[in-house]
1. What's the number of the only condition in (1) within 14 Å of chain A (Cβ to nearest Cβ); (2) in contact (Cβ under 8 Å) with a residue 60 or more places away in the chain; (3) closer than 27 Å to residue B:280 by Cβ that residue B:201 fails to meet?
2. For segment A:87-105, state whether one or more residues are over 28 Å from residue B:175 (Cα atoms) and surrounded by fewer than 22 Cβ atoms within 10 Å (Cβ to Cβ).
3. In segment B:146-164, is there at least one residue being more than 9 Å from every other protein chain (Cβ to nearest Cβ), in contact with a Gly (Cβ under 9 Å, 6 or more places away or on another chain) and farther than 18 Å from residue B:357 by Cβ?
4. Looking at (1) outside any helix (DSSP H, G or I); (2) aromatic (Phe, Trp, Tyr); (3) facing another protein chain (nearest Cβ under 7 Å), which one does residue A:241 not meet, given that it meets all the others?
5. Counting only residues that are small (Gly, Ala, Ser) and surrounded by 15 or more Cβ atoms within 10 Å (Cβ to Cβ), which one in segment A:256-277 is farthest from the other protein chains (Cβ to nearest Cβ)?
6. Take the residues in segment B:85-117 that are under 19 Å from residue A:200 (Cα atoms) and among the hydroxyl-bearing types (Ser, Thr, Tyr); name whichever of them is nearest to the other protein chains (Cβ to nearest Cβ).
7. Identify, please: which residue in segment B:262-279 is surrounded by 20 or more Cβ atoms within 10 Å (Cβ to Cβ) and of a type in the set (Gly, Ala, Ser) and is, among those, farthest from the chain's Cα centre (by Cα)?
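The values are calculated or read from the model by the stated rules, or taken from the named source; none is laboratory data. All of these numbers come straight from a predicted model, not from anything done at the bench. Every residue, glycine among them, receives a Cβ derived from its backbone with ideal geometry; neighbour counts consider all protein chains shown.
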Amino acid sequence: MDYFIHIAIIVSIYAILGLSLNLIVGYTGLLSMTQAAFYGIGAYATAILMTSVGMNFFLSLALGALITGVASILIGIVLSRFRDDYYALGSFGFNVIVWSIFLNWQELTRGPLGIPGIKRPELFGFALDGNSSFLILSMCFALIAYLACEFISASSFGRVLKAIREDEEAIRVFGYKTHLYKLAIFVIGAVMAGIAGALFASYITFIDPSTFSLNESIFILAIIIMGGLASNKGAVLGALFLVLLPEALRFVGFPSDIAAQMRQAVYGLILIFLMLYRPEGMMGEYRL
Amino acid sequence: MKKSFWIIVILVVVVLVGYGLMRQKKNGTAEEYTIGAIVPLSGNTASVGVPFSEGMKIAVDEINEAGGINGKPVYLYFQDGEFSGTKTVSAAEQLISAHNPDVFDVLFNLPAQAASSVFRNAEKPFLEWDYSRSVVDANPFAFKTGFDAKTGCEELVRYAQTRHYYKKLGVLMSKTPYNQSCFEGVKNAESNVNEYWYTFGSEDFKTLLGKVYHDGVDAVVLIPIDPEPVRLFKQLRDLGYPIKVICATASECIYPSVESAASPKTLEGTLSVDFLPKDFFQSEFSRAFEEKFPNQKDHPSVTWAALGYNDVMTIMSAMKSCDPGDSKCITRSLNTVKDASSIIGSNGFQDRIQDLTLRMQIYEKGKWVDVE
């Protein structure tokens with residue numbers, strides 16, 4: 001049972017990440033590869049505040065989200081000067097920069113040694129030590145993230161984002177300051193990713209730079225492509241599918257000598273097959 | 001395709017996971033001993049994980065052919081940790097749910113760190129092959145196997161000082177926990193050290209070697225992992241810089257692939273340390289492994305296989321005085337085991353750190369020679 005609960009927690013965390021990136025890529029059409037960086041900033045901020053300062057989880061999470069928000073404003077202002085492919089490349093570069101900071105700023109992050117001993121949350125003196133209680137916490141955050149994304153996408157703000165995605169020049173002609181909308185949604189997405197990072201750090205109780213590399217950004221992008229762009233339900237389903245699929249493949253009876261490699265190959269083939277027959281993803285509104 | 005198709009696909013995957021879990025034989029019973037092993041079987045570190053797992057399988061086969069432990073068979077369950085914290089935790093949770101192993105074995109620091117809390121909560125002892133001590137210090141169920149980078153590198157540098165091996169020392173290291181620990185040991189022995197760090201997986205050493213040479217550093221310390229030594233020595237040969245190398249461990253630093261890639265002049269005088277017995281590469285284990293896996297003989301695979309084999313033999317010795325499923329007894333027993341059938345010169349644990357006999361070595365005329 002603990003195994004299922006563990007998977008559910010990981011799905012919740014990735015659902016938040018998928019929802020956060022979906023706001024930026026799916027609704028606004030900005031191909032951002034920085035989500036793992038914000039995931040990492042949230043995780044590291046929370047981990048450092050909890051282990052070095054002794055702060056409780058919820059306060060660390062709030063401060064971690066704030067720090068992630070500030071970082072995203074600075075990064076977003078620079079990225080807003082780019083468009084299309086250059087935006088993607090610029091965001092790629094920022095992810096690498098942030099990851100390098102995690103790896104090299106040893107006085108703050110302990111570099112490759114990572115930060116161990118991160119505690120589980122405590123709420124009114126009650127420790128959420130067990131996986132079951134942590135699952136409730138992570139699902140609450142995932143639900144809040146989902147509802148927030150639904151609210152944003154249905155609001156007039158969300159309609160402007162979709163208009164930017166479809167034709168930014170046209171919406172600008174109507175007097176909308178599109179760079180401010182883009183920056184706003186970038187920051188909202190980043191803060192959500194930071195919250196996911198805080199949850200991850202406290203759940204695994206150890207973080208290191210390798211978790212927040214460019215590969216992780218690509219994985220989060222794959223979640224929303226698989227789930228379907230501009231669909232909040234799709235982002236959640238994409239997280240469910242991409243987290244569950246490799247776990248399901250653990251049980252397929254490949255010969256032990258090649259089991260690991262076969263799982264990777266089958267995983268890749270399934271993704272290719274699904275993209276061939278449903279390129280807009282499970283519930284997507286449009287293709288990249 | 002309709003959206004309902006995708007809902008069905010996801011449900012199928014969920015059912016597969018659940019069905020697979022239910023179908024797994026639930027062990028940890030009175031009838032068999034079980035070991036759960038989480039090693040990287042894919043990705044960059046599979047070159048270590050795969051032979052390590054082969055060594056473990058060889059040991060388990062030997063034990064079972066000899067009648068098992070206390071007449072009961074030993075089962076070994078592998079999961080691919082992919083050298084990822086999240087995947088290792090998933091693997092640990094899956095093994096505990098499906099098989100509830102008596103003891104675990106985890107390769108490398110990062111996965112062991114990530115899964116440490118899972119093992120502590122489940123009160124499962126685990127051997128973690130790691131060059132640093134960080135997991136052992138934080139978890140009473142952890143037993144560290146493998147070379148201790150901090151003390152080993154300190155001893156190496158102190159020995160190099162007695163031989164006036166260098167005028168100016170540098171470290172040329174990947175940003176990894178084991179090199180970080182080695183660096184701490186180097187600093188204990190030599191306070192004036194130039195630092196040259198690279199990202200694990202980098203293929204270019206020429207830029208850093210150029211900096212080393214122009215800074216006047218004449219010897220560098222590092223712990224490389226295959227294929228880093230092949231690239232490093234080849235590029236050092238190409239550049240022709242007179243930089244000496246101090247590395248750990250000997251068998252992971254210079255092996256047949258490295259000898260093919262570099263020149264004898266480049267390798268001559270390399271200083272190292274190892275825990276493998278003198279005649280290890282002529283041993284029955286080495287010969288049998290190379291016969292079984294002829295395509296791995298140019299790499300330090302046999303060393304990794306020996307480490308995996310040794311871990312299982314250590315676990316077996318601890319299990320002898322315990323019933324199957326009694327993880328608490330195995331934890332106590334691991335603390336005191338001294339009579340394990342070791343092929344790497346280990347003698348149990350001291351304060352949960354593997355007790356290894358180290359030998360200083362220098363590479364001369366095409367082979368490693370003991371210097372003490």
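1. Result: residue B:201 fails condition (3) only.
2. Yes, there is a match, as at least one residue in segment A:87-105 is over 28 Å from residue B:175 (Cα atoms) and surrounded by fewer than 22 Cβ atoms within 10 Å (Cβ to Cβ).
3. Just the residues of segment B:146-164 that are more than 9 Å from every other protein chain (Cβ to nearest Cβ), to begin with: B:146-164.
Narrowing the set further to residues that are in contact with a Gly (Cβ under 9 Å, 6 or more places away or on another chain) leaves B:148-157.
With farther than 18 Å from residue B:357 by Cβ added as a condition, the list becomes B:157.
So far as segment B:146-164 goes, yes, one or more of its residues are more than 9 Å from every other protein chain (Cβ to nearest Cβ), in contact with a Gly (Cβ under 9 Å, 6 or more places away or on another chain) and farther than 18 Å from residue B:357 by Cβ.
4. (1)
5. A:259
6. Here the residue is B:117.
7. The residue in question is B:262.
Table: residues versus (1) more than 9 Å from every other protein chain (Cβ to nearest Cβ); (2) of a type in the set (A, V, I, L, M, F, W, C); (3) not in a strand (DSSP E or B).
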site: B:75; (1), (2), (3): yes, no, no
site: B:83; (1), (2), (3): no, yes, yes
site: B:143; (1), (2), (3): yes, yes, no
site: B:166; (1), (2), (3): yes, no, yes
